[in-house]
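Please treat every number below as a calculation from the coordinates, not as lab data. Since we're looking at a predicted model, the values are computed, not measured.
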Amino acid sequence: MARRAWLDGLKRLHDQRRLWAALAVMAALVVALGSLASGSAMPSRLPWDKLNHFIGYAGLAGLTGLAGVRLPIALLLVVGYGGIIEFAQLAIPGRSGGDWADILANGLGGVAGVLLLAGWRRLMRD
C-alpha cells in the first residue's frame, strides 16, 4: 500500500510537464550563458570539466524528456544543442570551442539522462 502511494506521488510529479518545460528552458539558458562566456570571465581552471559537461547535459536531456518530448527526440535535441554550443565557442575570445572530448561528454550525459528517465518511467509502470 505504501509502495503504491509512493509510485502515485512519483507519477504526479512526472506529469508536471509545464514545470519540467520551464526548468528545461532555464537549464538550456544556464548552459548557454556558462558556455558562451568569454575566456576572461571563466575561472582559470575548472575542476572536473568533463563531469560538469556530463551532468549538465544529463539534466538537460532528462528535463526535456520530462517536458513531454519523446526520449529519442530529446536526446537528439540535447546532443545537437551541445554541438552547436561547442562550435559557437569558436567565436568567443579566449575560448577553445569545438572540443571533441566536451562534445562526447555532452552526448554521454544526454544518453545517461534519457536512460535514467526511461528507468524512472519503467519503475512507475511496475
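When the chain is fully extended, how far beyond the present Cα-Cα distance does ASP8 get from ILE84, taking 0.36 nm per residue of separation? Can you show the working numbers first?
Numbers: separation 76, 0.36 × 76 = 27.36 nm, distance 3.83 nm.
Difference between extended and current length: 23.5 nm.
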Taking all pairs of distinct alpha-carbon atoms in region 2-125, Kirkwood radius in angstrom: 15.2
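Run the numbers for LEU115 and ILE55: contour at 0.36 nm per residue of separation, minus the present Cα-Cα distance, in nm.
Separation in residues times 0.36 nm, less the Cα-Cα distance, equals 20.3 nm.
Under 8 Å for C-alpha pairs, at least 6 residues apart: give me the relative contact order for the chain, rounded to a whole percent.
Contact order relative to length: 34 percent.
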